[in-house]
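Taking it in order: structure first as C-alpha coordinates, then the write-up.
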Amino acid sequence: MTARFSRRDALAKTAAVAAANAMPGLCFPGLAAPLRALSRGSGIDAVLQKSVAAAAVPGVVAMAATAQSVIYRGAFGMRGMGAAPKLSVDSVFRIASMVKLLTSVAAMQLVEGGKLELDAPAERIDPTLASPWVLAGFDQKGTPQLRPAQKPITLRNLLSHTSGFSYQLWDPNLVRYLKLSRKDPALPRMPLTFDPGTKWAYGGSLDRVGRLVEIVSGETLDRYFHDHILAPLGMKDTGFTVTEEQRARQASLYLRKADGALVPQPIEKRTIPKVFSGGGGIYSTAPDYLTLLQALLSGGSLAGKSILRPETVALMSANQIGNIEAGIMKTTNPALSNDVDFFPGVRLRWGLGHMINLDPVREGRKAGSLTWAGLYNTYYWIDPASDIAGVIMMQILPFADARALNVYRQFEQGIYRALRPA
(Lines give C-alpha, C1' and ligand atoms only; values in the text may rest on other atoms or scores of the structure.)
Protein backbone atom coordinates (compact mmCIF):
# COMPACT_ATOMS: atom_id res chain seq x y z
CA MET A 1 0.00 0.00 0.00
CA THR A 2 1.53 3.33 -1.05
CA ALA A 3 0.26 6.82 -0.39
CA ARG A 4 0.42 9.46 -3.13
CA PHE A 5 0.89 13.18 -2.54
CA SER A 6 0.54 16.08 -4.91
CA ARG A 7 2.93 19.00 -5.16
CA ARG A 8 0.12 21.20 -3.77
CA ASP A 9 -0.23 18.95 -0.69
CA ALA A 10 3.50 19.01 -0.09
CA LEU A 11 3.77 22.76 -0.41
CA ALA A 12 0.85 23.27 1.97
CA LYS A 13 2.58 21.24 4.66
CA THR A 14 5.66 23.47 4.61
CA ALA A 15 4.04 26.83 3.96
CA ALA A 16 4.10 27.95 7.59
CA VAL A 17 7.75 27.06 8.11
CA ALA A 18 8.81 28.58 4.80
CA ALA A 19 6.93 31.78 5.61
CA ALA A 20 8.61 32.01 9.02
CA ASN A 21 12.05 31.60 7.47
CA ALA A 22 11.30 34.30 4.91
CA MET A 23 10.46 36.77 7.68
CA PRO A 24 13.29 36.82 10.26
CA GLY A 25 11.35 39.12 12.55
CA LEU A 26 8.51 36.63 12.94
CA CYS A 27 8.49 34.97 16.37
CA PHE A 28 6.33 32.17 17.75
CA PRO A 29 5.21 32.71 21.39
CA GLY A 30 7.29 30.56 23.73
CA LEU A 31 9.53 29.22 20.94
CA ALA A 32 12.13 31.94 20.75
CA ALA A 33 13.45 31.60 24.29
CA PRO A 34 17.15 32.43 24.45
CA LEU A 35 19.51 29.57 25.27
CA ARG A 36 20.45 30.90 28.70
CA ALA A 37 16.86 31.41 29.87
CA LEU A 38 15.77 27.95 28.80
CA SER A 39 18.76 26.06 30.19
CA ARG A 40 18.62 27.81 33.58
CA GLY A 41 14.89 27.96 34.09
CA SER A 42 13.67 24.65 32.76
CA GLY A 43 15.19 22.15 35.19
CA ILE A 44 16.50 20.10 32.28
CA ASP A 45 20.08 20.36 33.53
CA ALA A 46 19.02 18.95 36.88
CA VAL A 47 17.15 16.05 35.30
CA LEU A 48 20.07 15.01 33.12
CA GLN A 49 22.64 15.51 35.88
CA LYS A 50 20.53 13.42 38.26
CA SER A 51 20.32 10.56 35.74
CA VAL A 52 24.13 10.46 35.54
CA ALA A 53 24.63 10.79 39.31
CA ALA A 54 22.24 7.88 39.86
CA ALA A 55 24.13 5.79 37.26
CA ALA A 56 20.99 5.44 35.18
CA VAL A 57 23.18 6.37 32.21
CA PRO A 58 26.97 6.87 32.10
CA GLY A 59 26.76 10.16 30.25
CA VAL A 60 24.48 12.17 28.02
CA VAL A 61 24.65 15.03 25.56
CA ALA A 62 21.35 16.68 24.61
CA MET A 63 20.40 19.61 22.41
CA ALA A 64 17.22 21.18 21.10
CA ALA A 65 16.46 23.94 18.60
CA THR A 66 13.82 25.77 16.67
CA ALA A 67 14.29 26.19 12.94
CA GLN A 68 16.21 29.39 13.62
CA SER A 69 18.14 28.96 16.87
CA VAL A 70 19.51 26.50 19.40
CA ILE A 71 17.50 26.71 22.60
CA TYR A 72 19.16 24.09 24.79
CA ARG A 73 22.50 22.32 25.06
CA GLY A 74 23.85 20.20 27.88
CA ALA A 75 26.55 17.58 28.50
CA PHE A 76 26.78 15.47 31.66
CA GLY A 77 28.94 12.55 32.75
CA MET A 78 32.30 11.25 31.63
CA ARG A 79 33.61 10.08 28.27
CA GLY A 80 34.87 6.93 29.94
CA MET A 81 35.89 5.46 33.27
CA GLY A 82 38.75 6.48 35.53
CA ALA A 83 40.59 9.65 34.61
CA ALA A 84 38.67 10.19 31.37
CA PRO A 85 37.61 13.79 30.78
CA LYS A 86 34.02 14.95 31.11
CA LEU A 87 31.66 14.74 28.20
CA SER A 88 31.44 17.97 26.24
CA VAL A 89 28.70 19.08 23.88
CA ASP A 90 31.01 18.28 20.95
CA SER A 91 31.77 14.72 22.13
CA VAL A 92 31.79 12.19 19.29
CA PHE A 93 29.27 9.34 19.33
CA ARG A 94 28.66 6.27 17.24
CA ILE A 95 25.15 6.98 15.93
CA ALA A 96 24.63 3.79 13.88
CA SER A 97 21.22 3.83 12.18
CA MET A 98 20.85 7.59 12.45
CA VAL A 99 22.89 7.60 9.23
CA LYS A 100 19.71 6.37 7.54
CA LEU A 101 18.36 9.91 7.57
CA LEU A 102 21.44 11.15 5.72
CA THR A 103 21.02 8.35 3.17
CA SER A 104 17.37 9.25 2.73
CA VAL A 105 18.24 12.91 2.17
CA ALA A 106 20.88 11.90 -0.39
CA ALA A 107 18.39 9.74 -2.27
CA MET A 108 15.77 12.47 -2.32
CA GLN A 109 18.33 14.96 -3.63
CA LEU A 110 18.85 12.59 -6.54
CA VAL A 111 15.08 12.26 -7.00
CA GLU A 112 14.93 16.04 -7.24
CA GLY A 113 17.69 15.92 -9.85
CA GLY A 114 15.88 13.29 -11.92
CA LYS A 115 18.55 10.63 -11.38
CA LEU A 116 16.36 8.41 -9.19
CA GLU A 117 12.61 7.72 -9.28
CA LEU A 118 10.54 6.76 -6.26
CA ASP A 119 8.30 4.26 -8.03
CA ALA A 120 10.49 2.81 -10.78
CA PRO A 121 11.88 -0.70 -10.23
CA ALA A 122 15.15 -0.20 -8.35
CA GLU A 123 16.68 -3.08 -10.32
CA ARG A 124 17.01 -0.71 -13.27
CA ILE A 125 19.78 0.99 -11.30
CA ASP A 126 21.09 -1.92 -9.23
CA PRO A 127 20.70 -5.32 -10.92
CA THR A 128 21.31 -7.12 -7.60
CA LEU A 129 17.75 -6.09 -6.65
CA ALA A 130 16.24 -7.94 -9.62
CA SER A 131 14.07 -11.06 -9.24
CA PRO A 132 13.96 -11.16 -5.43
CA TRP A 133 12.78 -14.25 -3.58
CA VAL A 134 10.29 -14.15 -0.71
CA LEU A 135 10.62 -16.42 2.33
CA ALA A 136 7.08 -17.76 2.67
CA GLY A 137 7.83 -20.00 5.67
CA PHE A 138 9.16 -23.48 6.39
CA ASP A 139 7.71 -26.91 5.65
CA GLN A 140 7.31 -29.68 8.24
CA LYS A 141 10.92 -30.73 7.74
CA GLY A 142 12.13 -27.19 8.34
CA THR A 143 13.02 -26.55 4.71
CA PRO A 144 12.65 -22.88 3.69
CA GLN A 145 9.77 -22.23 1.32
CA LEU A 146 10.76 -19.60 -1.25
CA ARG A 147 8.78 -18.04 -4.06
CA PRO A 148 9.38 -15.15 -6.48
CA ALA A 149 8.27 -11.73 -5.29
CA GLN A 150 5.01 -10.57 -6.85
CA LYS A 151 6.33 -7.09 -7.68
CA PRO A 152 9.69 -5.34 -8.01
CA ILE A 153 11.32 -3.34 -5.22
CA THR A 154 11.10 0.44 -5.59
CA LEU A 155 13.00 3.27 -3.95
CA ARG A 156 9.78 4.22 -2.14
CA ASN A 157 9.65 0.69 -0.68
CA LEU A 158 13.28 0.93 0.43
CA LEU A 159 12.96 4.36 2.05
CA SER A 160 9.76 3.40 3.90
CA HIS A 161 10.96 -0.07 5.03
CA THR A 162 8.25 -1.82 3.04
CA SER A 163 10.73 -3.54 0.70
CA GLY A 164 10.66 -6.89 2.49
CA PHE A 165 14.28 -6.64 3.70
CA SER A 166 14.39 -7.36 7.43
CA TYR A 167 17.06 -7.38 10.15
CA GLN A 168 17.55 -10.72 11.87
CA LEU A 169 17.82 -8.81 15.17
CA TRP A 170 14.03 -8.43 15.06
CA ASP A 171 12.96 -11.30 12.81
CA PRO A 172 13.05 -14.91 14.13
CA ASN A 173 12.17 -16.40 10.73
CA LEU A 174 15.17 -14.69 9.19
CA VAL A 175 17.41 -15.93 12.00
CA ARG A 176 16.22 -19.46 11.26
CA TYR A 177 16.69 -19.04 7.52
CA LEU A 178 20.20 -17.62 7.73
CA LYS A 179 21.37 -20.53 9.89
CA LEU A 180 20.21 -22.91 7.16
CA SER A 181 21.56 -20.82 4.28
CA ARG A 182 25.07 -20.87 5.73
CA LYS A 183 25.04 -24.62 5.22
CA ASP A 184 23.40 -24.51 1.80
CA PRO A 185 25.02 -22.10 -0.70
CA ALA A 186 22.20 -22.78 -3.17
CA LEU A 187 19.80 -20.76 -1.02
CA PRO A 188 19.49 -17.03 -1.76
CA ARG A 189 21.72 -15.00 0.56
CA MET A 190 19.05 -12.56 1.74
CA PRO A 191 15.43 -13.21 0.78
CA LEU A 192 12.61 -10.77 1.34
CA THR A 193 10.29 -11.61 4.21
CA PHE A 194 7.19 -10.36 2.35
CA ASP A 195 6.19 -8.89 -1.00
CA PRO A 196 7.26 -5.27 -1.47
CA GLY A 197 4.66 -2.77 -0.33
CA THR A 198 2.55 -5.21 1.69
CA LYS A 199 4.05 -4.93 5.20
CA TRP A 200 6.59 -2.96 7.23
CA ALA A 201 9.82 -4.39 8.63
CA TYR A 202 12.90 -2.56 9.82
CA GLY A 203 15.92 -3.86 8.00
CA GLY A 204 18.70 -3.35 5.52
CA SER A 205 16.73 -1.33 2.99
CA LEU A 206 18.85 1.79 3.45
CA ASP A 207 22.03 -0.14 2.67
CA ARG A 208 20.49 -0.73 -0.76
CA VAL A 209 19.54 2.93 -1.01
CA GLY A 210 23.13 3.87 -0.27
CA ARG A 211 24.27 1.71 -3.14
CA LEU A 212 21.73 3.35 -5.48
CA VAL A 213 23.15 6.74 -4.46
CA GLU A 214 26.66 5.58 -5.28
CA ILE A 215 25.71 4.13 -8.66
CA VAL A 216 23.80 7.13 -10.01
CA SER A 217 26.07 9.80 -8.51
CA GLY A 218 29.34 8.13 -9.41
CA GLU A 219 30.66 8.90 -5.91
CA THR A 220 31.27 6.73 -2.86
CA LEU A 221 28.66 7.31 -0.20
CA ASP A 222 31.05 9.07 2.17
CA ARG A 223 32.14 11.46 -0.58
CA TYR A 224 28.53 12.10 -1.63
CA PHE A 225 27.54 12.89 1.95
CA HIS A 226 30.47 15.27 2.31
CA ASP A 227 29.94 17.12 -0.95
CA HIS A 228 26.14 17.44 -0.90
CA ILE A 229 25.08 17.43 2.77
CA LEU A 230 27.86 17.67 5.34
CA ALA A 231 30.04 20.39 3.81
CA PRO A 232 27.12 22.64 2.79
CA LEU A 233 25.73 22.47 6.33
CA GLY A 234 29.12 22.75 8.05
CA MET A 235 28.83 19.31 9.68
CA LYS A 236 32.56 18.78 10.25
CA ASP A 237 32.30 16.03 12.88
CA THR A 238 30.09 13.59 10.95
CA GLY A 239 31.54 10.73 8.90
CA PHE A 240 32.38 7.06 8.60
CA THR A 241 35.87 7.58 10.05
CA VAL A 242 37.24 9.66 12.90
CA THR A 243 40.42 11.70 13.02
CA GLU A 244 42.77 11.42 15.98
CA GLU A 245 41.43 14.73 17.27
CA GLN A 246 37.84 13.46 17.04
CA ARG A 247 38.85 10.18 18.64
CA ALA A 248 40.10 12.15 21.65
CA ARG A 249 36.51 13.46 22.02
CA GLN A 250 34.81 10.09 21.54
CA ALA A 251 32.44 8.75 24.20
CA SER A 252 32.95 5.20 25.42
CA LEU A 253 30.36 2.47 24.96
CA TYR A 254 28.85 0.75 28.00
CA LEU A 255 27.05 -2.57 28.31
CA ARG A 256 24.04 -2.84 30.61
CA LYS A 257 24.21 -6.03 32.72
CA ALA A 258 21.13 -7.90 33.90
CA ASP A 259 21.46 -6.31 37.34
CA GLY A 260 21.44 -2.83 35.79
CA ALA A 261 25.15 -2.15 36.24
CA LEU A 262 27.05 -0.48 33.38
CA VAL A 263 30.31 -2.00 32.16
CA PRO A 264 32.62 0.24 30.08
CA GLN A 265 34.03 -1.07 26.83
CA PRO A 266 37.29 -0.02 25.16
CA ILE A 267 37.08 2.42 22.26
CA GLU A 268 37.04 0.41 19.05
CA LYS A 269 40.16 0.38 16.88
CA ARG A 270 40.33 3.13 14.30
CA THR A 271 39.81 1.68 10.82
CA ILE A 272 39.39 3.07 7.33
CA PRO A 273 36.37 1.38 5.73
CA LYS A 274 36.43 0.49 2.06
CA VAL A 275 32.67 0.02 1.80
CA PHE A 276 30.22 2.54 3.23
CA SER A 277 26.83 1.57 4.60
CA GLY A 278 23.70 3.62 4.06
CA GLY A 279 22.24 1.98 7.15
CA GLY A 280 24.88 2.26 9.87
CA GLY A 281 28.49 2.73 10.89
CA ILE A 282 28.73 6.52 11.15
CA TYR A 283 29.97 8.95 13.80
CA SER A 284 28.62 12.37 14.71
CA THR A 285 28.09 14.92 17.45
CA ALA A 286 24.93 16.46 18.85
CA PRO A 287 25.65 19.90 17.31
CA ASP A 288 26.32 18.39 13.89
CA TYR A 289 23.21 16.24 13.87
CA LEU A 290 21.03 19.02 15.21
CA THR A 291 22.19 21.12 12.25
CA LEU A 292 20.73 18.52 9.89
CA LEU A 293 17.49 18.45 11.90
CA GLN A 294 17.24 22.24 11.79
CA ALA A 295 17.69 22.22 8.02
CA LEU A 296 14.81 19.76 7.67
CA LEU A 297 12.69 21.62 10.22
CA SER A 298 13.11 24.80 8.18
CA GLY A 299 12.05 23.17 4.91
CA GLY A 300 15.44 22.00 3.61
CA SER A 301 17.61 25.10 4.03
CA LEU A 302 19.76 26.56 6.79
CA ALA A 303 21.95 29.66 6.91
CA GLY A 304 21.49 30.22 3.20
CA LYS A 305 22.44 26.65 2.25
CA SER A 306 19.78 24.40 0.69
CA ILE A 307 19.95 20.62 0.74
CA LEU A 308 16.34 19.89 -0.28
CA ARG A 309 13.29 21.70 -1.59
CA PRO A 310 10.45 22.37 0.88
CA GLU A 311 8.06 20.11 -1.02
CA THR A 312 10.59 17.26 -0.85
CA VAL A 313 10.98 17.66 2.91
CA ALA A 314 7.19 17.59 3.22
CA LEU A 315 6.98 14.41 1.17
CA MET A 316 9.61 12.73 3.34
CA SER A 317 7.59 13.76 6.40
CA ALA A 318 4.28 12.33 5.16
CA ASN A 319 2.92 8.84 5.83
CA GLN A 320 3.99 6.61 2.94
CA ILE A 321 2.59 3.28 4.14
CA GLY A 322 -1.13 3.90 4.59
CA ASN A 323 -2.63 1.83 7.40
CA ILE A 324 0.33 -0.51 7.78
CA GLU A 325 1.60 -0.47 11.36
CA ALA A 326 5.25 0.44 11.94
CA GLY A 327 7.82 0.89 14.65
CA ILE A 328 7.15 -2.02 17.02
CA MET A 329 9.80 -4.76 17.05
CA LYS A 330 10.42 -7.91 19.11
CA THR A 331 14.07 -8.72 19.71
CA THR A 332 15.79 -11.97 18.84
CA ASN A 333 18.97 -10.97 20.69
CA PRO A 334 18.42 -9.24 24.06
CA ALA A 335 22.15 -8.54 24.37
CA LEU A 336 21.90 -6.13 21.42
CA SER A 337 18.35 -4.83 21.68
CA ASN A 338 15.35 -4.85 23.95
CA ASP A 339 11.88 -5.05 22.46
CA VAL A 340 11.08 -1.74 20.77
CA ASP A 341 7.86 0.21 21.32
CA PHE A 342 8.77 3.82 21.94
CA PHE A 343 5.19 5.10 22.20
CA PRO A 344 2.77 2.44 23.52
CA GLY A 345 -0.75 3.10 22.34
CA VAL A 346 0.32 5.67 19.75
CA ARG A 347 -0.29 4.92 16.07
CA LEU A 348 3.01 4.81 14.19
CA ARG A 349 3.73 5.01 10.47
CA TRP A 350 6.77 5.64 8.27
CA GLY A 351 7.68 8.35 5.78
CA LEU A 352 10.71 8.53 3.49
CA GLY A 353 13.31 8.53 6.22
CA HIS A 354 11.53 8.79 9.57
CA MET A 355 9.02 7.11 11.85
CA ILE A 356 5.88 9.25 12.28
CA ASN A 357 3.55 9.38 15.28
CA LEU A 358 0.00 9.95 14.07
CA ASP A 359 -1.15 10.84 17.60
CA PRO A 360 0.35 13.40 19.98
CA VAL A 361 2.68 12.11 22.70
CA ARG A 362 1.64 13.10 26.22
CA GLU A 363 3.63 16.09 27.52
CA GLY A 364 5.78 16.04 24.40
CA ARG A 365 5.79 16.09 20.64
CA LYS A 366 2.67 16.76 18.60
CA ALA A 367 1.02 14.51 16.03
CA GLY A 368 2.98 14.31 12.79
CA SER A 369 6.38 14.43 14.47
CA LEU A 370 9.31 12.50 12.99
CA THR A 371 11.87 10.37 14.76
CA TRP A 372 14.35 7.54 14.74
CA ALA A 373 17.40 6.29 16.59
CA GLY A 374 20.73 4.49 16.61
CA LEU A 375 21.66 1.13 18.11
CA TYR A 376 23.77 2.64 20.92
CA ASN A 377 20.84 4.67 22.30
CA THR A 378 21.08 7.87 20.31
CA TYR A 379 17.76 9.47 19.38
CA TYR A 380 16.29 12.44 17.52
CA TRP A 381 12.92 13.99 16.84
CA ILE A 382 11.51 16.73 14.61
CA ASP A 383 8.19 18.32 15.54
CA PRO A 384 7.13 20.58 12.63
CA ALA A 385 3.89 21.64 14.32
CA SER A 386 5.81 22.99 17.34
CA ASP A 387 8.89 24.15 15.41
CA ILE A 388 11.11 21.99 17.63
CA ALA A 389 13.87 19.48 16.93
CA GLY A 390 15.89 17.61 19.50
CA VAL A 391 18.74 15.13 19.72
CA ILE A 392 20.03 13.13 22.66
CA MET A 393 23.11 10.91 22.59
CA MET A 394 24.20 8.13 24.95
CA GLN A 395 26.41 5.08 24.35
CA ILE A 396 24.75 2.01 25.84
CA LEU A 397 23.88 -1.49 24.72
CA PRO A 398 21.34 -3.01 24.41
CA PHE A 399 19.24 -0.72 22.21
CA ALA A 400 16.00 0.71 23.62
CA ASP A 401 17.54 0.63 27.09
CA ALA A 402 14.70 1.39 29.52
CA ARG A 403 16.71 3.85 31.62
CA ALA A 404 18.10 5.63 28.57
CA LEU A 405 14.60 5.93 27.14
CA ASN A 406 13.40 7.40 30.43
CA VAL A 407 16.13 10.05 30.26
CA TYR A 408 15.18 10.75 26.63
CA ARG A 409 11.52 11.14 27.58
CA GLN A 410 12.31 13.42 30.52
CA PHE A 411 14.49 15.58 28.28
CA GLU A 412 11.73 15.90 25.69
CA GLN A 413 9.11 16.70 28.31
CA GLY A 414 11.42 19.28 29.88
CA ILE A 415 11.84 21.06 26.54
CA TYR A 416 8.09 21.31 25.95
CA ARG A 417 7.39 22.29 29.54
CA ALA A 418 9.96 25.09 29.33
CA LEU A 419 8.51 26.38 26.07
CA ARG A 420 4.92 26.29 27.24
CA PRO A 421 3.44 29.82 27.33
CA ALA A 422 3.15 31.11 30.89
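Structure values in brief
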item	result
Order of exposure, largest accessible area first, which applies to VAL263, VAL242 with probe 1.4 Å	VAL263, VAL242
Options TYR416, GLN395, TYR379, ranked by Cα towards positive dipole end of region 352-421, top entry (Cβ charges)	TYR416
Only Lys, Arg (+1) and Asp, Glu (-1) charged, at Cβ; region 332-422 dipole about Cα centre in debye	200 debye
Using θ = phi - 60° and Karplus 6.51 cos²θ - 1.76 cosθ + 1.60, couplings along region 102-107 (whole Hz; Gly, Pro as x)	4, 4, 5, 4, 4, 5
Kirkwood Rh, Cα atoms: Rg over Rh of region 45-87	1.08
Unit charges on C-beta of K, R, D, E only; dipole of the chain, Debye	460 debye
Surface share of carbon and sulfur [accessible, 1.4 angstrom probe, percent] for region 296-411	52 percent
Nearest-0.05 FRET efficiency for GLU117 and GLN49, computed from C-beta distance (R0 56 Å)	0.70
Accessible area of LEU405 in the full protein assembly, 1.4 Å probe (Å², nearest 10)	40 Å²
Per-selection Kirkwood Rh - region 99-220 (Cα, Å, 1 d.p.)	14.9 Å
Span from the region 122-141 Cα centroid across to the region 187-235 one, whole angstrom	18 Å
Excluding exposed DSSP-loop GluC sites (Glu not before Pro) (at most 12 other C-beta within 10 Å), longest clean stretch of the chain	1-267
Placed amide H near ILE71: partners under 5 Å, 5+ positions off or other chain	ALA64, ALA65, THR66
Chymotrypsin sites (Phe, Trp or Tyr not before Pro) within region 303-374: DSSP coil, no more than 12 neighbouring Cβ in 10 Å	none
Distant-in-sequence amide H partners of THR331 (H built 1.01 Å from N, under 5 Å)	ASP339, VAL340
Helix-only [θ]222 nm of the chain, DSSP H runs n ≥ 4, -39500 (n - 2.57) each, per residue, nearest 500	-8500 deg cm²/dmol
Size-normalised alpha-carbon gyration radius of region 33-157, reference 2.2 N^0.38 Å	1.73
Spatial separation of Cα centroids for region 373-402 and region 288-326, in angstrom	16 Å
Cα convex hull volume per residue for the chain (Å³)	151 Å³
Whole-Hz couplings from phi, Karplus 6.51/-1.76/1.60, listed for region 378-390; x for Gly and Pro	10, 9, 9, 8, 10, 10, x, 5, 9, 6, 9, 10, x
Accessible area of ILE272 in the full protein assembly, 1.4 Å probe (Å², nearest 10)	120 Å²
Long-range HN-HN contacts of ALA318 with modeled amide H, under 5 Å	LEU352
Kirkwood Rh (inverse of mean 1/r, distinct Cα pairs), region 289-342, angstrom	13.8 Å
Under 30 Å from LYS330, Cα to Cα: lysines that are on another chain or at least 8 residues apart	LYS100, LYS141, LYS151, LYS179, LYS183, LYS199, LYS257, LYS366
Percentage, to the nearest whole number, of Cα pairs in region 320-387 over 19 Å apart	34 percent
Relative contact order, percent, the chain [alpha-carbon distance under 8 Å, six or more residues apart]	23 percent
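The values are calculated or read from the model by the stated rules, or taken from the named source; none is laboratory data. All of these numbers come straight from a predicted model, not from anything done at the bench. Don't worry about glycine lacking a Cβ; one is built from the backbone with ideal geometry, like all the others, and counts go over all protein chains shown. Each accessible area value is taken on the protein alone, full model and side chains, heavy atoms only, with ligands, DNA and RNA left out. Shrake-Rupley method; radii C 1.70, N 1.55, O 1.52, S 1.80 Å.
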